[in-house]
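Shown next, in structure tokens, is the structure this report addresses.
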Amino acid sequence: MVKQYLVLIGFIFIVLIYTQNVEIEANSEVEEMYVTTEDIISDIIFPTIDKRVIKEYGGDNHLIWHWKRIVGITYNKNHSYDVTVRIEIPSKKPNRNVKEDLVKVRISPSCDSEKINKQICNHEFKLEILEYKHLSQ
């Protein structure tokens, strides 16, 4: 008798599982978010600065630093940009001041277009740190 009930419950369970219809909708809407030019530049150069900060302060990947602001952007004749950024590194010890650094990064966009003068611009996409200054001691 118990065996019959188990078989009946199993059968009902299987029938209920296979009769469940789930419709999946493809949502092609992109969530809109307001971003600034500084946000875009930050996303591009953040990993490069992060590696250098870790190198400068001898830490692991958990070293925390904060982007303060872009101090300046300079366009170069070879179709590259020098971006100077002020960053802040909090002290690991309480009652210590934060450290401020200035980092100059060169962004060289790809010159892979026929509309760009190849004699002036002949590089691939590249990011490099030109200068790293410790502003506070």
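Read-outs: derived from the displayed coordinates by stated rules, not from any lab. Fair warning: this is a prediction, and the values are worked out from it, not measured in the lab. All Cβ positions, glycine included, derive from the backbone under ideal geometry; neighbour counts span all protein chains shown.
So if each residue of separation counts as 0.36 nm, and I subtract the Cα-Cα distance between GLU29 and ILE116, what length gain in nm does that give? Display every interim value, and only then the final one.
On the way: separation 87, 0.36 × 87 = 31.32 nm, distance 3.49 nm.
Here the segment from GLU29 to ILE116 would lengthen by 27.8 nm.
Run the dipole for region 41-137 about the Cα centre, Lys and Arg Cβ at +1, Asp and Glu Cβ at -1, nothing else charged, and hand back the magnitude in debye, nearest 20. If you can, show how the numbers build up before the last one.
Numbers: 17 positive and 13 negative charges, 71 e Å.
Dipole magnitude for region 41-137 comes out near 340 debye.
With the crude spin-label approximation of a point 7 Å out along Cα→Cβ, what separation in nm comes out for LYS93 versus LYS133?
Using points 7 Å along Cα→Cβ, the separation is 2.7 nm.
Going by average Cβ neighbours within 10 Å, how do the peptides 70-81, 42-53 rank, with the highest at the top?
Details: 70-81: 12.9, 42-53: 15.2.
Descending mean neighbour count gives 42-53, 70-81.
In terms of Cα to Cα distance under 26 Å, which lysines are near enough to LYS93, apart from those fewer than 8 places away along the same chain?
Partners within reach: LYS51, LYS55, LYS68, LYS133.
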